[in-house]
Amino acid sequence: MAQCTAPVEGHRSSAAAARCPACRGRSSYRSYSSYNSPQTSYRGGSSSSGSGRGYGSSMGGGGSRRTRTGRTVSYTTTEWRTVEPFSQKASEQAQAHPERRDLFLCHAWDDREGSAKELYGHLQSNGASVWFSEEDLPLGSLMIREIDKGLRNSRVGIVLVTPALLKSIESEGVAEKELAVLLSTRRVIPVLHGVGFGDLNNVSPLLASHAGLSTKESTLSNVAAKVAAAAAALPAV
């Protein structure tokens, strides 16, 4: 029996079908372009095959990642669009600098015993290694020098944006100096807590230009889990 040549040569025209020993003489033909052009499936704006950096998701979702504690965290499409570049930076840094901590937590001094400490606890509970001034500034050390070391030895940075941080930026306090260094690395994600992006844009348009996450419609615990999962540099779920 004559063999159809479509898988090798394709039947993109009636002439091609006419040359096929199995299909010549038929009144119609099928296009087999898929034999020559493997299809790639896209979900949440990212390829699910090929490079290994695809992110599976359910329809309408933005993908899911896993924290080091084994917790699976799901993102909306918008959230994943925000977090994906941050996650890629974390993966690159993890390969280039495996000894560094996952995150540097930049916060206002007035938040050190409040929301910053709470965020730090949530990040740790999700397996992230975090440089946090309240835990990592040795007694009697020079603050600016230790902060510089912390920035240098962390892969990416979180900026906890609160009313207190906005005041610190306006007054050019320590947090403003940390922020300047983080912004220069382009490895930073803002976490807004108690303020809106409009408030941030009024004080720091440069930081506001970085897409971030907000606790406005979520909790600090859930946002922390999403940041920890993105920073973990683990294979996609």
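Overview of results
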quantity: Checking GLU217 against (1) over 23 Å from GLN88 (Cα atoms); (2) in a helix (DSSP H, G or I), the condition it does not meet; calculated: (2)
quantity: Answer from LEU179, LEU183 - the residue that is over 18 Å from the mean Cα position of the chain (by Cα) and among the hydrophobic types (A, V, I, L, M, F, W, C); calculated: LEU179
quantity: Hits in the stretch 184-193 - residues which are out of contact with any helix residue (DSSP H, G or I) (no Cβ under 6 Å at 6 or more places or on another chain) and open to solvent by 20 Å² or more (accessible area, probe 1.4 Å); calculated: SER184, THR185, ARG186
quantity: Odd one out for TRP80 among (1) open to solvent by 20 Å² or more (accessible area, probe 1.4 Å); (2) in a helix (DSSP H, G or I); (3) modelled with pLDDT of 85 or more; calculated: (1)
quantity: Top-ranked residue of the stretch 194-214 - restricted to ones that are in contact (Cβ under 8 Å) with a residue 60 or more places away in the chain and part of a loop (DSSP other than H, G, I, E, B), ranked as least open to solvent (accessible area, probe 1.4 Å); calculated: GLY212
quantity: Lone unmet requirement of (1) surrounded by fewer than 17 Cβ atoms within 10 Å (Cβ to Cβ); (2) farther than 11 Å from ALA231 by Cα for GLN88; calculated: (2)
quantity: Members of the stretch 70-83 found to be touching a residue at least 60 places away in the same chain (Cβ under 8 Å) and not aliphatic (A, V, I, L, M), listed by number; calculated: ARG71, THR72, TYR75, GLU79, ARG81, THR82
quantity: Those residues of the stretch 107-129 which are open to solvent by less than 40 Å² (accessible area, probe 1.4 Å), closer than 18 Å to SER214 by Cβ, assigned to a helix (DSSP H, G or I) and not polar (S, T, N, Q), in sequence order; calculated: ASP111, ALA116, LEU119, LEU123
quantity: Residue selected from the stretch 215-237 under the condition hydroxyl-bearing (Ser, Thr, Tyr) and closer than 21 Å to THR77 by Cβ, by the criterion least open to solvent (accessible area, probe 1.4 Å); calculated: THR215
quantity: Long-range neighbours under 7 Å by Cβ, at least six apart or interchain, first residue over 16 Å from ALA90 (Cβ atoms) and among the β-branched types (Val, Ile, Thr) within the stretch 143-163, second modelled with pLDDT of 85 or more and open to solvent by less than 10 Å² (accessible area, probe 1.4 Å); calculated: VAL161/PRO190; VAL161/VAL191; VAL161/LEU192; VAL161/LEU200; THR162/ALA108
quantity: LYS117 being basic (Lys, Arg), in contact with a helix residue (DSSP H, G or I) (Cβ under 8 Å, 6 or more places away or on another chain) and farther than 24 Å from GLU99 by Cα; calculated: no
quantity: Of all residues making up the stretch 163-183, the number that are part of a helix (DSSP H, G or I), open to solvent by 50 Å² or more (accessible area, probe 1.4 Å) and of a type outside the set (Val, Ile, Thr); calculated: 6
quantity: Any hit, the stretch 91-106, residues being open to solvent by 80 Å² or more (accessible area, probe 1.4 Å), under 19 Å from LEU182 (Cβ atoms) and free of Cβ contacts under 8 Å to residues at least 40 places away in the same chain; calculated: yes
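The values are calculated or read from the model by the stated rules, or taken from the named source; none is laboratory data. Keep in mind that what you see is a predicted model, and the values were worked out from it rather than measured. Positions of Cβ are generated from backbone atoms using ideal geometry, with glycine treated the same way; all protein chains shown enter the neighbour counts. Each accessible area value is taken on the protein alone, full model and side chains, heavy atoms only, with ligands, DNA and RNA left out. Shrake-Rupley method; radii C 1.70, N 1.55, O 1.52, S 1.80 Å.
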